[in-house]
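The values are calculated or read from the model by the stated rules, or taken from the named source; none is laboratory data. The model shown is predicted, which means the values in this text are computed figures rather than measured ones. Cβ placement follows ideal geometry from the backbone for every residue including glycine, while neighbour counts extend to all protein chains displayed. Surface accessibility is based on the protein's heavy atoms, side chains included, excluding ligands, DNA and RNA. Shrake-Rupley method; radii C 1.70, N 1.55, O 1.52, S 1.80 Å.
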Amino acid sequence: MKKQRTGHRVGAAKTGAVGPTKRPLTTALLIGALTLACAVVSAIWLAPVPKAARADAAARSAAPAEGSAWKVGMLRPDGLRIIVTGSDDASKVLDAEQFSRSDVRHGYWVAAQIPAVLNKLYCWCGCENRGVHRSNLQCFEDGMAEDCEVCLGTAEIAYDMTSKGITDAAQIQAAVDVHWGPNR
């Protein structure tokens, strides 16, 4: 014996309630619009940031030819990450005694001891990429290194290695990369 269903659904239909309507065209347009929006956002997010204008004209003239894939910070065939330019002496390094913290004083003292080495090193704090400095040495020619553990640490690694007789800037840069590089 079959039970009869109550008419509550039928009554709902009579009062004007409408069931789900299929709108395949609207759904397809909505999905397409969302896909397009995601593609535009991804393209903007992944787009390369234009390189800051370099203040040092010598660096521009020494830079690789147009269309070259190398950019500041990328490892070069010579083991360095910058094109060495500018002064490599300590004449512009700030006086270490003006700083109150002992680690900062030591960092500026180191910069005055090995300026030619620091002038060849890329500083992972990113100042070179912003067009502010040409090398780790220049971080000590203004107050940048005072509040930057990367600048100070780079100089300390360089000083430790040169104290042990290692003066090859590529070897020192490799040690800096291990400690401060993006894969640390």
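Worth pointing out:
- Taking all protein chains as they are arranged and a probe of 1.4 Å, the heavy atoms of residue 27 leave approximately 80 Å² accessible to solvent.
- All aspartates and glutamates inside 13 Å of residue 164 as judged from Cα atoms, apart from same-chain residues fewer than 8 positions distant: 156
- Packing, taken as the mean count of other beta carbons within 10 Å per residue, orders the peptides 104-112, 171-179 from highest to lowest as 104-112, 171-179.
- A 1.4 Å probe run over the protein chains yields, for segment 131-184, 46 Å² of accessible area per residue, whole-number rounding.
- Each residue of segment 161-168 was assigned a 3J(HN,Hα) from its phi angle through the Karplus expression (A = 6.51, B = -1.76, C = 1.60, θ = phi - 60°), giving 5, 5, 5, 8, x, 8, 10, 5 Hz with x at Gly and Pro.
- Cross-link reach is defined here as a Cα-Cα straight distance under 13 Å, omitting same-chain residues fewer than 8 places apart; for residue 120 the aspartates and glutamates meeting it are 78, 88, 89, 128, 168.
- Heavy atoms of residue 92: accessible area, 1.4 Å probe, square angstrom to 10: 120
- Solvent-accessible surface (1.4 Å probe) assigned to residue 121 amounts to roughly 0 Å².
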